[in-house]
Amino acid sequence: MPSRARSPEPLHSKFFSPENINWEAYSAYLKGRHMLLDTKTDDSVRLAIGYFQQAIKTDPQFALGYAGLADAYAERGPDAFCPRGLSAL
């Protein structure tokens with residue numbers, strides 16, 4: 001009887017196993033996420049950005065930190081990035 005080929009281990013199980021997670025970075029990420037979901041005031045978005053930057057500083061390979069940072073910057077809107085007058089163009 002021919003042997004059956006084993007299906008490869010799913011990629012997500014290699015990258016998202018508990019021993020591969022930097023829990024300090026993940027905790028900072030969750031705090032940032034909470035700040036974004038809470039009230040979305042200028043102060044809460046500023047705090048969220050700080051938490052996401054902390055997550056990235058703790059583990060530069062932690063992709064969720066970068067994703068959260070992008071979401072926080074998106075919450076600030078285009079006026080936060082453009083000089084006055086250019087965002088109206």
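Each reported figure results from applying straightforward, stated rules to the coordinates on display, with no laboratory input. Only a predicted model underlies this, so the values are computations on that prediction, with no experimental measurement involved. Methodologically, a virtual Cβ is constructed for each residue, glycine included, from the backbone with ideal geometry; neighbour enumeration extends over all protein chains shown.
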* Taking θ as phi - 60°, what are the ³J(HN,Hα) couplings along region 48-55 by the Karplus curve (6.51, -1.76, 1.60), each to the nearest whole Hz, with x for Gly and Pro? -> 4, 4, x, 5, 5, 5, 5, 4
* Work through the residues other than Glu75 whose Cβ is under 11 Å from its Cβ and net out their charges, Lys, Arg +1 and Asp, Glu -1. => +1
* Asked: Sorting Ser27, Ser44 on the 10 Å Cβ count, fewest up front, what's the list?
  -> Ser27, Ser44
* Structure fact -> By Cβ neighbour count within 10 Å, fewest first, Tyr29, Tyr66, Tyr51 rank Tyr66, Tyr51, Tyr29
